[in-house]
1. Determine the calculated [θ] at 222 nm for the chain from helices alone, applying -39500 (n - 2.57) to every DSSP H run no shorter than 4 residues and normalising by the residue count; nearest 500 deg cm²/dmol.
2. Going Cα to Cα from Lys194, which aspartates and glutamates come in below 18 Å? Please leave out same-chain ones fewer than 8 positions away.
3. Distance in nm between label sites at Phe145 and Asp52, each 7 Å beyond Cα in the beta-carbon direction?
4. Once you have the Cα-Cα distance between Ile38 and Asp16, take 0.36 nm times their residue separation minus that, and quote the gain in nm to one decimal.
5. Counting DSSP beta bridges in the chain, what percent are antiparallel, to the nearest 5?
6. Using Cα springs under 10 Å in a Gaussian network model of the chain, which residue among Val152, Val120, Val97 shows the largest mean-square fluctuation?
7. How would you rank Ser180, Ser18, going from fewest to most other Cβ atoms within 10 Å of each one's own Cβ?
8. Could you list which residues have their amide H under 5 Å from that of Asn112, counting only those 5 or more apart in sequence or on another chain, with H placed in the peptide plane?
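Rule-based calculations on the coordinates, nothing more; no lab input. Quantities reported herein were computed from a predicted structural model and do not represent experimental measurements. Counting neighbours? That spans all protein chains shown, and the Cβs are built from the backbone with ideal geometry, glycine included.
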Amino acid sequence: MVIKVISFDVDGTLVDASFADLVWREGMPRLLAAKEGITFQEAREILDRRYDDIGEEDLRWYLPGYWWEDLDLPGTPEDLIREYAHRVEVFPEVEGVLQELMGEYELIACSNAAREFLEVSLLDLCGYFGHTFSSTTDFQMVRKFPDFYRHVCTILKVRPGEVVHVGDHPKFDYQVPRASGMTAYHLDRSGDAKGRETVGDLREFRDALAGLD
């Protein structure tokens, strides 16, 4: 089957994952501390407990708007996220690889990050992608489950076998898309993981794609 679409995970694949962490663990505690008249450390401990109480299996955990309303924080989530936009770091090889691939395939970006984060993470890369998908915002899923990938294929009007996905999560970027009928590659920038479908960066992924033709 002819490959038509290349799907990229975002955090840890295209950009360093620390940007969102800074918003959750530095920016939000700072706002809460100022609002409540407490120290940054006290605010951070409060938020850490709240994050744990909600848990990563609850959709609310991922949605900035929920936390702004619940904590009555000043400003908007978008204001704070844009404040940290300069901390987004695109991995060195990414743009060169995207430039090479965009003329041959349709490129898409798939993430479980809320769209408020996704759009800022991709500010310098948005011109490469025909579509971007957030599992939490677009499909109300906390992870990129099989239905996520099926929805993406339906929207793009392609079959799973016509899509190749790459990302750094061994389950949700490799095992799940493969089980959904896609070709998938596990990206491990540490070099610790081994396997025929494991790549160390996107240059290696590009070379693996050439072997599929």
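1. The helix contribution divided over the chain gives -11500 deg cm²/dmol.
2. List returned: Asp168, Asp173, Glu204, Asp207.
3. Inter-label distance under the simple model: 2.7 nm.
4. 4.8 nm
5. Just about 5 percent of them are antiparallel.
6. Among Val152, Val120, Val97, the largest mean-square fluctuation in the Gaussian network model of the chain belongs to Val97.
7. Ser18, Ser180
8. Ser135
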